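Participant: Structure in structure tokens, see below.
The values are calculated or read from the model by the stated rules, or taken from the named source; none is laboratory data. Predicted model, so just to flag it, every value in this text is computed and none were measured. Glycine gets a Cβ as well: all are built from the backbone with ideal geometry, and neighbour counts include every protein chain shown.
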Amino acid sequence: MNQDTLQATAQAMVAPGKGILAMDESHPTCQKRFDALGIEFTEANRQAYRDMLVTAEGLADCIGGAILFDETLRQNLLDGTSFPKHLDSIGIVPGIKVDRGAKDLAGHPGEKVTEGLDGLRERLAEYSELGARFAKWRAVITIGENLPSEACLEANAHALARYAMLCQEADMVPIVEPEVLMNGAHDIERCNEVTVRTLEVTFDQLARQEVWLPGIVLKPSMVISGDSCGVRADVETVARMTVECLKQTVPTEVTGIAFLSGGQSDEEASAHLNAINQYSNLPWAVTFSYGRALQQQAMKTWSGEQGNRAAGQAAIAKRARMNSAAASGAWNMDLEQAA
């Protein structure tokens, strides 16, 4: 483990005013989104779409890292340059999704555990050769009646910690992503309770596996009301409870926190991140690692048509600028509407 390399990479991923573009959709997820827009699901269209994203003008001013899917890491841009080489050339750290998805947790109906540890050391070595300098592993935690169970929290945290240590062994920064899903009718207090416990168990397991915390980026969900909750908490409450949760559970040695958007709308994700960054003296860099909240409008605008490429790039560039502003606490609706 080269601690200097790990910390330098982590700091570049969450540099001031920069966040992480999560463009690592699996084939089933990408196909679902393409199908909804009438885009033919082919390798050529996936290549063209992701080429459009990473060649948008000014993207590197707002994005410090990009999470790629296995296919994309191995592909070239339309001009023949490999995706990792292009990203490196413009100052965006290339990364790779390495988990193999959330599967049913045996004996625990309604709960999932993320798989992919088998053979991970060898895959990380290959991904490093292909140019990846960080990795991502997502665990999913469901809130429901008597859920989550301690068994689910421990199984996912243990897998996250083992993955993280394997990454650091390979001199790759692990993004540690314990996502508490916002699906459900639960209120923000219940979300806070589950998120606190999830992060407590996660950092306990990271300590047990001797993961070096300055060489990770945490990718948590915000403390937020369930998407079907009758009375959803306002922006200021989300920010306050999220900051309190993080201060209670996340060691100060962690280099950066990059929130997932988790089903929030574009503007909602920016507003929440901005309000969180209104708090002073946060001990970590606090930014974004958004997927849909960065890409959704760009994909819709492009819709698989070469003639829409420039407009699609303008859409991803706008969302990147908005979230960059939010990561600095400088976003507002006037800025959004003027962009």
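Participant: Out of the residues in the range 1-32 that are in a helix (DSSP H, G or I) and touching an Asp or Glu at 6+ places or on another chain (Cβ under 7 Å), which is surrounded by the fewest Cβ atoms within 10 Å (Cβ to Cβ)?
Facilitator: Among them, the one singled out is Thr5.
For (1) closer than 22 Å to Ile96 by Cα; (2) under 18 Å from the mean Cα position of the chain (by Cα); (3) of a type in the set (Ser, Thr, Tyr), each residue gets a yes or a no:
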residue	(1), (2), (3)
Arg162	yes, no, no
Glu169	yes, no, no
Arg197	no, no, no
Val211	yes, no, no
Val217	yes, yes, no
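Participant: Also: Among the listed residues Ile224, Ile257, identify the single one that is more than 13 Å from the chain's Cα centre (by Cα) and surrounded by 21 or more Cβ atoms within 10 Å (Cβ to Cβ).
Facilitator: Answer to the check: Ile224.
Participant: Moving on to the next point. Exactly one of (1) among the acidic types (Asp, Glu); (2) within 19 Å of the chain's Cα centre (by Cα); (3) at pLDDT below 95 is unmet by Glu145. Its number?
Facilitator: (2)
Participant: Shifting gears a bit: Six or more apart or on different chains, Cβ under 8 Å: which pairs go from a residue in the range 259-275 that's in contact (Cβ under 8 Å) with a residue 12 or more places away in the chain to one that's acidic (Asp, Glu) and part of a loop (DSSP other than H, G, I, E, B)? Could you list them?
Facilitator: The qualifying pairs are Gly263/Asp227.
Participant: Can you tell me which residues in the range 236-259 are hydrophobic (A, V, I, L, M, F, W, C) and either under 15 Å from Ala285 (Cβ atoms) or in a loop (DSSP other than H, G, I, E, B) (or both)?
Facilitator: Val243, Leu246, Val250, Val254, Ile257, Ala258, Phe259
Participant: Another one. State whether one or more residues within the range 118-126 are within 27 Å of Gln306 (Cα to Cα), loosely packed, with under 14 Cβ neighbours inside 10 Å and touching a helix residue (DSSP H, G or I) at 6+ places or on another chain (Cβ under 9 Å). Working first, answer last.
Facilitator: From the range 118-126, those within 27 Å of Gln306 (Cα to Cα) are none; that's our starting set.
No, the range 118-126 contains no residue that is within 27 Å of Gln306 (Cα to Cα), loosely packed, with under 14 Cβ neighbours inside 10 Å and touching a helix residue (DSSP H, G or I) at 6+ places or on another chain (Cβ under 9 Å).
Participant: Mind listing whichever residues of the range 286-327 are in contact with a helix residue (DSSP H, G or I) (Cβ under 7 Å, 6 or more places away or on another chain) and outside any helix (DSSP H, G or I)?
Facilitator: Result: Val286, Thr287, Phe288, Tyr290, Gly304.
Participant: Give the residue, chosen from Gly95, Gly101, that is crowded, with 18+ Cβ neighbours inside 10 Å, in contact with a strand residue (DSSP E or B) (Cβ under 9 Å, 6 or more places away or on another chain) and small (Gly, Ala, Ser).
Facilitator: Values: Gly101 fails: crowded, with 18+ Cβ neighbours inside 10 Å.
Only one candidate qualifies: Gly95.
Participant: Exactly one of (1) part of a loop (DSSP other than H, G, I, E, B); (2) closer than 22 Å to Val113 by Cα is unmet by Val201. Its number?
Facilitator: Answer for Val201: the failing condition is (1).
Participant: Same structure again: Within the range 7-20, track down each residue that is touching a Cys at 6+ places or on another chain (Cβ under 9 Å) and on the phi < 0 side of the Ramachandran plot.
Facilitator: Passing the criteria: Lys18, Gly19.
Participant: If you check Gly262 against the conditions, is it at pLDDT 95 or above, part of a loop (DSSP other than H, G, I, E, B) and of a type outside the set (S, T, N, Q)?
Facilitator: No, not satisfied.
Participant: Okay, next question. Suppose we filter Ala151, Ala139 for residues that are surrounded by 18 or more Cβ atoms within 10 Å (Cβ to Cβ), modelled with pLDDT of 95 or more, of a type in the set (Gly, Ala, Ser) and not in a loop (DSSP other than H, G, I, E, B); which single one remains?
Facilitator: Ala139
Participant: Something else now. Give me the residue from the range 67-81 that is in a helix (DSSP H, G or I) and not acidic (Asp, Glu) and, out of that set, surrounded by the fewest Cβ atoms within 10 Å (Cβ to Cβ). Don't jump to the end; show me each part of the working.
Facilitator: Going residue by residue through the range 67-81, those that are in a helix (DSSP H, G or I) are 70-74.
Cutting the leftovers down to not acidic (Asp, Glu) gives us 72-74.
Numbers: Thr72: 25, Leu73: 21, Arg74: 15.
Of everything passing the filter in the range 67-81, Arg74 is surrounded by the fewest Cβ atoms within 10 Å (Cβ to Cβ).
Participant: Mind counting the residues in the range 89-111 that are under 28 Å from Ala56 (Cα atoms) and more than 19 Å from the chain's Cα centre (by Cα)?
Facilitator: Counting residues in the range 89-111 that are under 28 Å from Ala56 (Cα atoms) and more than 19 Å from the chain's Cα centre (by Cα) gives 2.
Participant: For the range 278-294, what are the residues that are in contact with a strand residue (DSSP E or B) (Cβ under 7 Å, 6 or more places away or on another chain) and either buried (at least 21 other Cβ atoms within 10 Å of the Cβ) or of a type in the set (A, V, I, L, M) (or both)?
Facilitator: Within the range 278-294, Ala285, Val286, Thr287, Phe288, Ser289, Tyr290, Leu294 qualify.
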